[in-house]
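These notes concern the structure reproduced below.
Each reported figure results from applying straightforward, stated rules to the coordinates on display, with no laboratory input. Since the structure is predicted, the reported quantities are computational estimates derived from the model, not experimental observations. FYI the Cβ positions are ideal-geometry reconstructions off the backbone, even for glycines, and counts take in every protein chain you see.
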Amino acid sequence: MSDGKFWIDEDEKELVLSDGTGESRFIIEDDLVIDGVKYLIIVDARAGEDADATVVKILNEGEEEIIIPVEEKEEFEKVQAAYIEDME
């Protein structure tokens, strides 16, 4: 996220994205570390119960952490399998 900032609100267990003009909050359903990469499974905090979850990963780009949505099917399936295993 190069044009904004993000942080994790530990008290609310939410990911907060800020673009300088406002904030968007996402409930963190789970966080996983797979092969040294941190993944978050998030849901828009304003969405209802039937909202779809999104998988994002946090990467280091130089000295800055960035958030990237997981779009590759293989990577998504790897995170999904780890999530299901974590829930059991």
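A few remarks follow.
- GNM result for the chain, Cα springs below 10 Å: residue of LEU15, LEU40, LEU32 fluctuating most strongly: LEU32
- Amide H contacts under 5 Å for GLU29, placed H, 5+ residues apart: ILE41, ILE42, VAL43
- Overall shape of segment 5-87 was characterised from the C-alpha gyration tensor. The equivalent ellipsoid obtained from it has semi-axes of 20, 17, 11 Å, in decreasing order.
- Modelled label reach - GLU75, point 7 Å along Cα→Cβ, segment 1-40 residues with backbone N closer than 16 Å: 1-2, 32-40
- From least to most packed, judged by other beta carbons within 10 angstrom and beginning with the fewest, ARG25, ARG46 follow the order ARG46, ARG25.
- Hz values of 3J(HN,Hα) by residue in segment 50-56 - Karplus curve (6.51, -1.76, 1.60), Gly and Pro given as x: 8, 5, 6, 8, 10, 10, 10
- For ILE42, ILE84, ILE68, ILE27, the sequence from fewest to most other C-beta atoms within 10 Å is ILE84, ILE68, ILE27, ILE42.
- Average Cα contact separation per residue, segment 5-87, under 8 Å, 6 or more apart, as relative contact order %: 17
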